[in-house]
1. Obtain the nm distance between the two label points defined at GLU39 and LEU10 by a simple spin-label model: each point lies 7 Å from its Cα along the Cα-to-C-beta direction.
2. Could you compute how fast segment 3-82 diffuses translationally, taking Rh as the Kirkwood radius over C-alpha pairs and applying Stokes-Einstein at 10 °C with viscosity 1.306 mPa s? Give it in µm² per second.
3. Full extension from THR72 to TYR3: what is 0.36 nm times the residue separation minus their Cα-Cα distance, to one decimal in nm?
Amino acid sequence: MDYETLSQRLARLEKQVAEGERHLQTQRLTVENMESEGENSATERRILRQLELVQAVEVADRDRLRVEIQRTQPLIDLPLLFGSTLPGT
């Protein structure tokens, strides 16, 4: 895959990981509130575990993609490094 495609996939994964964290926070609060009121939270706990598993997979994918992008990242644009023009150009 080329650098641009990988970067787009990484952006989507970053967004999914952030959304996943919000979902996890909401579900943890739901479980906490139910338990503090003495309600049965077994189903909500199972949902929380599933969300945690999905989040772990997405974080692992994101981290793997970050490494892949570092390996395929294009070289620094030399004109930027040496000024607007290179000698002999």
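Derivation of every value follows stated rules applied to the coordinates shown; laboratory data play no part. Please read these numbers as outputs of a predicted model, since none were measured by experiment. For neighbour counting, all protein chains shown are included, and Cβ atoms are generated from backbone atoms with ideal geometry for every residue, glycine included.
1. Placing both labels 7 Å beyond Cα along the Cβ direction yields 4.2 nm.
2. 106
3. That works out to 24.2 nm of additional length.
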